[in-house]
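Have a look at the structure below before the remarks.
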Amino acid sequence: MTHELDKLVRLTEDQIIPAAKMLTRAFIEEPSFNIFYSWAFPEEETREEFLEISLEFRIKYGVLFGEVYANSPNIEGLAVWIPSNKVKMTIIRALRAGAMKIYSSFGKDKEIRKKMSIVSNLEDKLHKRLGNFPHWYLAPIGVDPIHQGKGYASILMRSMLNRLDREQLPCYLETLSPRNVEIYEHYNFEIIHETIIPEAELTHWVMLRKPNKD
């Protein structure tokens, strides 16, 4: 039987770099992410480079330990899905996904490392407490700015969510964007935790979508 995911392109390792460049363009223009990355990477001339390296790591982690889908070989949009049993980032998994490249780029900067660990430690703590059941973790999803508003994100979301409905599995995600909260609510995600990251002056939301039983 053919399902929606079969119509998408499952990303391979040779597509990671162009995918990271696309997500960088998408995220650097999003107001909340811009605030976060301006805080995490205060030097404007290196911010975009560091963001791209971070996203390259996240995409590669998804390719190796989850499933990453693009709308087409042109990578208009991209979604990274991680099964719950692979969300915990062990040292071996992190190294395979390119942790050393991150460290060599900005990991020696104690201030940046401290800021990034504030968020990652929060997310790890919350996921351990709120996501202690089988599910899929969406992190991240984005569409190239030149293709936004054309339905690419909806296709990426619905294709996987329909599969999770068939498999009766929930979906877990986190966001710093109030605009995205409204978008995710459109897909029946519900807020299960909300907190302030005082250092960055941003709100962090955890959202969960339970599978439809129809």
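The values are calculated or read from the model by the stated rules, or taken from the named source; none is laboratory data. The shown structure was predicted, so the numbers you read here are calculated from the model rather than taken from an experiment. Because the Cβ atoms are built from the backbone with ideal geometry, glycine has one as well, and the counts that use them run over all protein chains shown.
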Can residue 42 be described as assigned to a loop (DSSP other than H, G, I, E, B) and either in contact with a Cys (Cβ under 9 Å, 6 or more places away or on another chain) or more than 30 Å from residue 161 (Cβ to Cβ) (or both)? yes
Just give me the residues in the range 152-170 being more than 17 Å from the chain's Cα centre (by Cα) and outside any helix (DSSP H, G or I), in sequence order. 168, 169
When residue 173 is run through (1) touching a strand residue (DSSP E or B) at 6+ places or on another chain (Cβ under 6 Å); (2) touching a residue at least 60 places away in the same chain (Cβ under 8 Å); (3) outside any helix (DSSP H, G or I), the failure sits at (2)
Return the residues of the range 176-187 that are in contact (Cβ under 8 Å) with a residue 40 or more places away in the chain and exposed (fewer than 15 other Cβ atoms within 10 Å of the Cβ); say none if nothing qualifies. 178, 179
So is residue 204 in a strand (DSSP E or B), under 15 Å from the mean Cα position of the chain (by Cα) and farther than 27 Å from residue 4 by Cα or not? yes
Considering (1) more than 14 Å from the chain's Cα centre (by Cα); (2) more than 20 Å from residue 83 (Cβ to Cβ), say which one residue 180 fails and leave the rest. (1)
List the residue pairs whose Cβ atoms are under 8 Å apart, where the first residue sits in the range 191-204 and is closer than 17 Å to residue 130 by Cα and at pLDDT 85 or above, the second is aromatic (Phe, Trp, Tyr) and surrounded by 15 or more Cβ atoms within 10 Å (Cβ to Cβ), and the two are 6 or more positions apart or on different chains. 191/205; 193/205; 194/205
